[in-house]
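What follows is one structure encoded as C-alpha cells, with my remarks underneath.
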Amino acid sequence: MSVATAARPLDRVADFPAIPDGWAYLDTAATAQKPQAVIDAITRGYDTTYATVHRGVYQRSADMTRAYEAARRRVADFIGGQVDECVFVRGATEGINLVAQCWAGTQLKSGDRILLSALEHHSNIVPWQMVADRVGAAIDVVPLTADHRIDLDAMAAMLTPAHKLVALAHVSNVLGSVLDARRAADLAHSVGARLLLDGCQAVPRMRVDVGALDCDFYVFSGHKLYGPTGIGVLWGKADLLDTMPPYQGGGAMIDKVAFSGTTYAPPPARFEAGTPHIVGALGLHAAINYVEGIGLDAIHAHETALVGATREALGQLNSVRLFGPEDAAGIVSFEVEGVHPHDVGTILDEAKVAIRAGHHCAQPLMEILGVSATARASFGVYNGLADVEALVRGLERVRKIFG
Ligand code: PMP
C-alpha cells in the first residue's frame, strides 16, 4: 500500500497530551482533542484566577469579567461579527434551539415554510420540526447533487415567498461537502427568507467571515474547535437578536425585575440566563488563539491533502465505497462492502485507529445514501500521512478477516 498524495505536514501532535504515540485519532468531526494551551487556559481559569463574572464588586471578579468578555471579543474577531452579536451558548445544538424558539417561534405563522437540506445533522432538523409543529409551518428538504453537495439549483427552484427560514450545514459532518454559503444566502434573501448556517464542521477547518457570507445566524460548538465542551457560539445579526425575546429566564438576563413585570437586558446578555460557563469561554478563547496561530488556511490545506490521500488510497482498495465529493473538507465517509461499519470500527480500534461508525446523527441522509450507517474518518491538525497509512492497513485487515 502506498499513500501517494503528499500532505503538507503540520505536525502538531506534540501539542496534544491525550494523543499517545501510534494512536491514529480520526474522529475530530465528533470532537477535537485539546492542545496543551487550551488545557492550561482551563486550569488557570480554575486555579489562581477563578471567580464569578458580571456581579462581583471585588477585583478578582472584575478581572474574570474582563477575561470572559475578552473571550467574546475574540470570538467576534474570529468570525467577523460584532461583539454584541455573539451569544455564548452550550454548543451548536443550543444555538439552533435558541433561534428556533426565540426567532422562528415568534416570527413564523401557519402556512410559512422552512427549508432544510437532506444532509443536515439532527440538531439542524429536530428543533425546526418542533417549532414548525407548534406554529403550523411546513418543512421542505433540498436534495443533494450526484456528488453529495446541497443542490443549490434545486434550492433556487424550490424557494417561494412562503419560506421564512433556510437552515443549512456550512460543512456536512458526514460527507465533508462545503456549501457555497454566499450563494445560499443570496438565494434565501431573494425571497425574503433568513439563512442560518450550522458552522460546527466549518470553523475548525476554514476561515469564516459572517459578513462576507451574509448569513443571518451562525452557530458552532467550541469542542470541535479544539476548545472545551459545554461552550459554543450563536452569532446573529444585531437587528434580529434585538427583536427576539429571551430564551430562558433567570439571573443576568434582566434589566429590572418586579412582581409587576420584568424587563430584559439587551443582547447578548438577554440570552445568557444564569451563571455562564466562565472557564469554557476562556478555553474557547485559547482554542481560537491556537488555530489562528497555525492559520485556518494552513489547516484547510493540510486537511484537504489528507482527505485527498485518503480518498486515493481507499479508492484503490477493493470493495470500499466512498461517499462525499472529491474536495470534501476534512471528512471522508466510506463503506466496506459486506461489513457493518461497527465491525470496521472495532477492528480498526484493535489497530489503534479511532474512527466513527454509525448514522452520525444524520438518519435522513443515511436513507438517501441507501445505508444504515457509514464509517467516517475525520482529520485535525494532529493527523498526518502515518494516520492515513494506519487506516489503510487496518482496512486491509478488515478485508482479510471478512474474506
Ligand atoms: N451540526 C453538525 C454539523 C455537527 O457535526 C454537530 C456535532 N456532531 C452538531 C451540529 C451538534 O453539535 P453539538 O453536539 O456540539 O451541539
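The values are calculated or read from the model by the stated rules, or taken from the named source; none is laboratory data. Just so you know, these numbers come straight off a predicted model, no measurement behind them. All Cβ positions, glycine included, derive from the backbone under ideal geometry; neighbour counts span all protein chains shown. These accessible areas exclude ligands, DNA and RNA; they are computed on the full protein's heavy atoms, side chains included. Shrake-Rupley method; radii C 1.70, N 1.55, O 1.52, S 1.80 Å.
General observations
- Helix 126-135 and the long axis of the chain differ in direction by around 40°, with both axes built from C-alpha atoms.
- Neighbourhood net charge (15 Å Cβ-Cβ; Lys/Arg +1, Asp/Glu -1) for Thr229: +1
- Entries of Lys164/Lys256; Lys109/Lys256; Lys34/Lys400; Lys34/Lys352 with Cα pairs more than 28 Å apart: Lys164/Lys256; Lys109/Lys256; Lys34/Lys400
- Accessible area, probe 1.4 Å, largest first, for residues Met206, Met130: Met130, Met206
- Short-range pairs are left out: with C-alpha atoms under 8 Å and at least six residues apart, the relative contact order of region 1-152 is 12 percent.
- Overall form of region 65-181 per C-alpha gyration tensor (a/c, 1.5; a/b vs b/c): oblate
- Given a 1.4 Å probe and the protein chains as shown, Lys224 ends up with an accessible area of around 30 Å².
- Solvent exposure of Arg393, expressed as accessible area, is near 140 Å², computed with a probe of 1.4 Å over the protein chains only.
- Per residue, the average separation of C-alpha pairs within less than 8 Å and at least 6 apart gives the chain a relative contact order of 25 percent.
- Each Lys and Arg adds +1 at its Cβ and each Asp and Glu adds -1 at its Cβ; summed about the Cα centre, region 178-219 shows a dipole of about 100 debye.
- Note on exposure: Arg73, Arg207, Arg397 ranked by accessible area (1.4 Å probe, complete protein assembly) read Arg207, Arg73, Arg397, with the most exposed listed first.
- Cα-based radius of gyration of region 38-292 once divided by 2.2 N^0.38 Å, which approximates compact folds: 1.03
- Residues of region 86-117 with amide N under 19 Å of the 7 Å Cα→Cβ point at Asp239: 86, 103-104, 106-108
- Rounded tilt (10° steps) of 59-79 against the dominant C-alpha axis of the chain: 60
- Averaging the sequence gap over all C-alpha pairs within less than 8 Å and six or more residues apart, then dividing by the number of residues, gives region 261-331 a relative contact order of 27 percent.
- Heavy-atom accessible area with a 1.4 Å probe sorts Asp147, Asp47, largest first, into Asp47, Asp147.
- Cα-based equivalent ellipsoid of region 1-132: semi-axis lengths in Å, sorted from largest, via gyration tensor: 33, 30, 13
- Helical runs assigned H by DSSP (4 residues or longer) give the chain a calculated mean residue ellipticity at 222 nm of -11500 deg cm²/dmol, each run adding -39500 (n - 2.57) before division by the residue total.
- In degrees, nearest ten, helix 278-294 long axis to first principal axis of the chain (Cα): 50
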